[in-house]
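The block underneath contains the structure these notes are about, expressed in structure tokens.
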Amino acid sequence: MELDDHAEELASDLGVDKEEVKSDLQNLVEYSVPVDEAKQSLRRKYGDGSSGGGGTPSAKNVADITPEDGSVTVTGTVLTAGKRSIRYQGSDHVIVEGQLADETGRIDYTAWEDFGFEAGDTITAGNAGVREWDGEPELNVGESTALSFESDSLEVPYESGGEAELTDLEAGDRARTLEVAVLECERRTIDGRDGETEILSGVLGDESGRLPFTNWDPVPEIEAGASVRIENAYVQEFRGVPEVNVSEFSRVSALDREIDVGSDATTMDVGEAVRTGGIYDVELVGNAIAIRDGSGLIQRCPECYRVIQKGQCRTHGDVDGIDDLRVKAILDDGTGTVTAILDDELTQQVYGGDLEDALEAAREAMDQEVVADEIRENVVGREYRVRGHLSVDEYGANLDAETFEESDDDPAARATAFLEEVDA
Ligand SMILES: [Zn+2]
């Protein structure tokens with residue numbers, strides 16, 4: 001069914017103007033709300049009797065709001081207010097997202113227009129819609145909401161301003177304030193929604209860890225080696241890990257202090273790491289129990305660089321493949337398994353030879369599988385310490401390895417470390 005038909009159906013069910021419903025519907029759908037959920041929340045907004053209510057909703061404490069509430073009136077302190085641009089009916093539309101809190105709790109909100117409130121303001125949102133997001137209630141502050149500023153500020157047990165450390169960030173976070181070092185930074189041209197556009201991308205670091213970032217509207221303060229304060233950043237998942245997004249609405253200023261970037265990656269059990277759903281920089285220790293197909297000497301498509309089978313790229317058809325080395329090793333530590341993916345350099349280390357050697361061996365044996373066999377012999381049954389980027393998705397748990405070293409974890413070293421800890 002087309003959006004138009006959905007709007008038609010809603011308008012006739014609810015007895016309201018179709019264009020109004022359609023614009024609301026489009027808004028929600030472009031904001032990635034599934035169409036059924038969007039329709040449900042519009043039924044609530046326009047007072048479909050089936051979900052109860054009607055009339056002005058009564059005032060509620062934040063902790064008492066549930067996804068079943070059609071709409072509520074709530075008074076709270078704005079903890080964060082982050083502007084973001086979304087595409088709305090073919091043009092860019094600015095929304096404000098963040099968290100609102102009272103004495104009883106915190107709730108995420110989305111304001112579909114800029115009401116002018118900022119972090120620290122105390123507001124009352126009369127007739128704010130409630131929708132469910134990830135099992136939690138979330139406020140929709142829109143056209144039908146009466147918003148007023150309170151002169152008496154509310155005492156809330158939460159900090160406003162959105163200050164955070166990198167390891168605390170999760171996909172979906174809005175309006176975060178970070179003080180970070182720019183560890184890597186490159187300028188790239190991408191095909192954006194308005195044609196070719198320049199962006200910056202790289203890696204940020206602070207005392208807690210490291211995360212990738214994209215700066216959609218490049219600012220001079222962000223360059224490799226700089227220390228910066230970034231206000232109003234948002235976080236989205238990219239390739240299975242949280243990514244810091246710096247937009248045209250973010251404020252970036254140079255810091256006159258150095259940021260200490262922790263050099264240690266978080267070390268975790270494999271099972272624990274996989275359950276997080278993805279970590280940018282993590283260290284895992286496990287036994288290599290197998291080498292997967294597609295390891296050793298492989299061929300890549302010259303167009304898209306993906307691995308090809310028998311000279312066939314899934315996108316580009318018959319191509320002249322480029323030879324490359326790669327390993328996909330399954331690591332197991334008893335709590336879970338992960339596939340460590342080694343690039344050509346790490347593969348050379350575990351193979352004990354370079355691409356020329358691999359091609360030579362394959363020619364001699366008239367079978368390129370001999371390279372994978374050799375690697376299998378060298379690696380399987382040994383314990384490795386791997387550091388890299390973990391992503392978890394429908395393809396499984398993959399660790400893009402930056403380092404891959406045989407574990408030197410011997411009992412004597414562990415005992416010494418234990419004694420040092422006791423003495424400290
Ligand atoms: Zn291709």
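The values are calculated or read from the model by the stated rules, or taken from the named source; none is laboratory data. Owing to the predicted nature of the structure, the values given are computational and were not obtained by experimental measurement. Please note: Cβ atoms are built from the backbone with ideal geometry, for glycine as well, and neighbour counts cover all protein chains shown.
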From the list LEU284, LEU359, which one is away from the ligand (no atom under 16 Å from the Cβ), among the aliphatic types (A, V, I, L, M) and assigned to a strand (DSSP E or B)?
LEU284
Of those in segment 251-276 that are of a type in the set (S, T, N, Q) and either more than 20 Å from the chain's Cα centre (by Cα) or not in a loop (DSSP other than H, G, I, E, B) (or both), the residue nearest to the ligand (Cβ to nearest atom) is THR266
Regarding LEU204, is this residue surrounded by 18 or more Cβ atoms within 10 Å (Cβ to Cβ), assigned to a strand (DSSP E or B), touching a helix residue (DSSP H, G or I) at 6+ places or on another chain (Cβ under 8 Å) and of a type in the set (A, V, I, L, M, F, W, C)?
yes
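Quick check on my filter: what residues within segment 285-312 are among the hydrophobic types (A, V, I, L, M, F, W, C) and under 12 Å from ILE330 (Cβ atoms)?
The answer is ALA288, ILE289, ALA290, ILE291.
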Evaluate segment 93-100: report whether one residue or more is of a type in the set (Asp, Glu) and over 25 Å from the mean Cα position of the chain (by Cα).
no
Expected output for segment 113-139 (first residue crowded, with 18+ Cβ neighbours inside 10 Å, partner of a type in the set (Phe, Trp, Tyr) and not in a strand (DSSP E or B), Cβ below 7 Å, 6+ apart or cross-chain) is ILE123/PHE117
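Considering ILE291, ILE279, which residue is at pLDDT below 95 and either among the small types (Gly, Ala, Ser) or away from the ligand (no atom under 16 Å from the Cβ) (or both)?
Going through ILE291, ILE279 in turn, just one is at pLDDT below 95 and either among the small types (Gly, Ala, Ser) or away from the ligand (no atom under 16 Å from the Cβ) (or both): ILE279.
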Go through (1) β-branched (Val, Ile, Thr); (2) closer than 26 Å to LEU211 by Cβ; (3) not in a loop (DSSP other than H, G, I, E, B) and name the single condition ILE298 misses.
(2)
Working only within segment 302-348, note down all residues that are within 12 Å of the ligand (Cβ to nearest atom), within 28 Å of the chain's Cα centre (by Cα) and modelled with pLDDT of 95 or more.
none
